[in-house]
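The next block holds one structure in the form of structure tokens; read it before the comments.
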Amino acid sequence: MKLLYFSWLREKIGIAEEDALPPESVTTVATTLEWLKSRGGGYEDALKDLALVRVAVNQNHAKLDDPVSPDDEVALFPPVTGG
Amino acid sequence: MIRVQENDFDIGAELKSLVKENHKVGGLCSFAGLVRDMAGDDKIGAMTLEHYPAMTEKALAEIDAEANRRWPLEASLIIHRFGRLEPGDQIVLVATAAAHRQDAFEACQFLIDWLKTQAPFWKLEETQEGSHWVAARDSDDQAAQRWKK
């Protein structure tokens, strides 16, 4: 899975992107977030309040129960503030 | 048409080229967003816009297509900048051209309202006290909400 982090999530996690093989329990956006949070450190800190976290799967906005597969590009970021 | 770029843009030239040779256009509406020098009580020295390039193009193209589905537009344009910008700099331009003004006005407002809650950009403001990421505003969500179908 290709993981991308933006804005303060990138700063807290400490990297902008990584490739990682998720455990089999990861099948949705929600379980992806649980897995990443369980890695501790910057991940746990960045994901402690999920109300502030938005997710895109393959460059589309995604909801917590949307499916995720190991081949997907999953991006984590705060609510957008463009314009 | 959409464009994501670091460079500045010339509003007059962009609007002129949008409706060039198209004499069905009776109304041309545009909105430009600029960097302010204050955010609440904080003085802003500069701001850096981060984005998610692959998704930005896709999200803006979808927003543009949606506006064209909802209103009979002759032309539409979204230009959004990224990188470091200073007060007074132009951030975004949206423009819509239609036979009649009502469609152009509504579609233009839709584009900027929708873009603010959908396009993956994040603003980092530099103040005298240091840098901080701008939080999303409820008022922007509400503005986008009224276009929900």
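The values are calculated or read from the model by the stated rules, or taken from the named source; none is laboratory data. The model shown is predicted, which means the values in this text are computed figures rather than measured ones. Note: ideal-geometry Cβ built from the backbone for every residue, glycine included; neighbour counts use all protein chains shown.
Here B:Gly33, B:Gly45, B:Gly88 are screened, and the one residue that is within 20 Å of B:Leu124 (Cβ to Cβ) and within 13 Å of another protein chain (Cβ to nearest Cβ) is B:Gly33.
Taking the criterion of being without any contact (Cβ under 8 Å) to a residue 24 or more places away in the chain and of a type outside the set (D, E, K, R), the residues of the range B:1-57 that qualify are B:Gly12, B:Ala13, B:Ser17, B:His23, B:Met38, B:Gly40, B:Ala54. Residues in the range B:66-85 that are more than 14 Å from chain A (Cβ to nearest Cβ) and farther than 16 Å from B:Gly26 by Cα were compared, and the one that is surrounded by the most Cβ atoms within 10 Å (Cβ to Cβ) is B:Ala67.
Tallying residues that are part of a helix (DSSP H, G or I) and surrounded by 11 or more Cβ atoms within 10 Å (Cβ to Cβ) within the range B:1-24 yields 7. Just one residue in the set A:Ala75, A:Ala51 is under 30 Å from B:Gln90 (Cβ atoms) and either assigned to a loop (DSSP other than H, G, I, E, B) or small (Gly, Ala, Ser) (or both); that residue is A:Ala75. Scanning the range B:55-77 for residues that are of a type in the set (A, V, I, L, M) and either modelled with pLDDT under 95 or in a strand (DSSP E or B) (or both), we see that the one that is nearest to B:Lys123 (Cα to Cα) is B:Leu77. Please verify whether A:Arg10 is within 12 Å of chain B (Cβ to nearest Cβ), out of contact with any strand residue (DSSP E or B) (no Cβ under 7 Å at 6 or more places or on another chain) and among the basic types (Lys, Arg), treating the condition exactly as stated. Taking the combined requirement at face value, the residue satisfies it. Under the condition of being away from chain A (no Cβ under 14 Å) and in a strand (DSSP E or B), the residues counted in the range B:96-136 number 5.
When A:Tyr43 is tested against the conditions (1) in contact (Cβ under 8 Å) with a residue 40 or more places away in the chain; (2) surrounded by 20 or more Cβ atoms within 10 Å (Cβ to Cβ), the lone failure is (1). Going by the conditions given, is B:Glu106 modelled with pLDDT under 95 and of a type in the set (Asp, Glu)? In short, no.
One residue alone among A:Val29, A:Val53 is touching a helix residue (DSSP H, G or I) at 6+ places or on another chain (Cβ under 9 Å) and either over 18 Å from A:Lys2 (Cβ atoms) or in contact (Cβ under 8 Å) with a residue 24 or more places away in the chain (or both), and that residue is A:Val53.
All conditions in (1) farther than 21 Å from B:Asp141 by Cβ; (2) in a helix (DSSP H, G or I); (3) within 14 Å of chain B (Cβ to nearest Cβ) hold for A:Asp45, with the sole exception of (3).
Here the condition is being in contact (Cβ under 8 Å) with a residue 24 or more places away in the chain and assigned to a strand (DSSP E or B); of A:Leu4, A:Leu21, A:Leu36, A:Leu9, it holds for A:Leu4 alone. Specify the residue that is farthest from B:Gly27 (Cα to Cα); the eligible residues are those in the range B:92-109 that are within 18 Å of the chain's Cα centre (by Cα) and surrounded by fewer than 21 Cβ atoms within 10 Å (Cβ to Cβ). Per the stated criteria, the residue is B:Gln109.
For the range A:64-83, filtering for residues that are within 14 Å of chain B (Cβ to nearest Cβ) and of a type outside the set (S, T, N, Q) leaves 11.
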